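The values are calculated or read from the model by the stated rules, or taken from the named source; none is laboratory data. Keep in mind the model is a prediction, meaning the values are calculated, not measured. Note that we place each Cβ from the backbone using ideal geometry, even for glycine, and neighbour counts take in every protein chain shown.
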Amino acid sequence: MNFRAALTDRVVPILTLLLLSFPLTYVGTIFHEEGHGMLALAQGGTFTGIIIGQEGSYALANSYLVPIGGWIGEYVLLVIVLASSWMLKPKSFLARSVVALLVLHESISQPAYIASLQGDSAATLQILETAGIGYGASVLILESVALVLFLVAAYLSWRVFRPYFSQSFPWITRRRASLSAMSFVVAGEGIVLVGYISQILGTTMALISEIQIAIFVAFLVGLSLLAIPAAPPDRMGRRIGGPSVSTVVFVSLLFVEAQLVFFFVLPVTIPFP
């Protein structure tokens, strides 16, 4: 195996994609909390801002149906991303990666949150019970909705990542791109589920971080060296479809900045005017 070619053609693009994933979670968080606030205002309630913290974020909002506003906010973001991608047809590796990751984040995180019966989901469960629906029936409703949304999320994400891999690695076949996309989406859903299960079990942040690092390394090696085949000799070392050097540097710096914000800046309060 030509390790230099494998590094350039496969490892660097996947590493860049994975590093970009963490900073983009802030986008979903802001839309989630703003969704709470906008729904509160629409119901005549109050909304003064949002707080983003290490172990969770929340909106300073109050209204009857405010718990479901977060999911609405993130699905609004998902629609915006899909519509923008359809109209603009992004060509650069960075733009395509942003679209693919936001679709994956926003589509799979909501069903997992609903199924967890924690936080907003627990509050929604109480709303259903207050409306006269029994506890068992309320749980069944939420879990059924979560299952349907999870399956839709898997299909939607796969449809987005399939052309993404074909464009990022032009030498792979359509079938290989489809299988790689499926592997990426299934692994992504698994990571999200593990994260929520860890929260439910009360796992410490240190242990969660260690698990995330192990998953990150396994994900990087498995996808870049196993799921993605080696490029043919005439393409080795050529960044056809992959990130440019400036893109790799930009994403790396963005990742470092996001980590610094997470460990040394949070929590932060963003007031709503």
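Summary of computed values
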quantity: Residues (β-branched (Val, Ile, Thr) and farther than 21 Å from Glu33 by Cα) located in the stretch 113-144; calculated: Thr130, Ile133, Val139, Ile141
quantity: Subset of the stretch 1-37 (residues that are polar (S, T, N, Q) and either within 19 Å of Gln167 (Cβ to Cβ) or part of a helix (DSSP H, G or I) (or both)); calculated: Thr8, Thr16, Ser21, Thr25, Thr29
quantity: Single residue of Ser116, Ser97 found to be crowded, with 19+ Cβ neighbours inside 10 Å and at pLDDT below 95; calculated: Ser116
quantity: Hits in the stretch 167-178 - residues which are part of a helix (DSSP H, G or I) and either surrounded by 16 or more Cβ atoms within 10 Å (Cβ to Cβ) or in contact (Cβ under 8 Å) with a residue 60 or more places away in the chain (or both); calculated: Gln167, Ser168, Arg176, Ala177, Ser178
quantity: Selected residue [β-branched (Val, Ile, Thr), in contact (Cβ under 8 Å) with a residue 24 or more places away in the chain and exposed (fewer than 15 other Cβ atoms within 10 Å of the Cβ)] from Thr48, Thr16; calculated: Thr48
quantity: Near pairs, Cβ below 7 angstrom, 6+ apart or cross-chain, from the stretch 120-143 (touching a residue at least 12 places away in the same chain (Cβ under 8 Å)) to any residue that is charged (D, E, K, R); calculated: Ser138/Glu129
quantity: Residue in the stretch 264-273 that is at pLDDT 90 or above, more than 20 Å from the chain's Cα centre (by Cα), of a type in the set (Phe, Trp, Tyr) and assigned to a helix (DSSP H, G or I) present; calculated: yes
quantity: Flag for Ala154 being of a type in the set (A, V, I, L, M), under 19 Å from Gly241 (Cβ atoms) and assigned to a helix (DSSP H, G or I); calculated: no
quantity: Residues (under 29 Å from Ser252 (Cβ atoms), small (Gly, Ala, Ser) and assigned to a loop (DSSP other than H, G, I, E, B)) located in the stretch 38-61; calculated: Gly53, Gly56
quantity: Tally of residues being more than 15 Å from the chain's Cα centre (by Cα) and surrounded by 13 or more Cβ atoms within 10 Å (Cβ to Cβ) across the stretch 135-151; calculated: 8
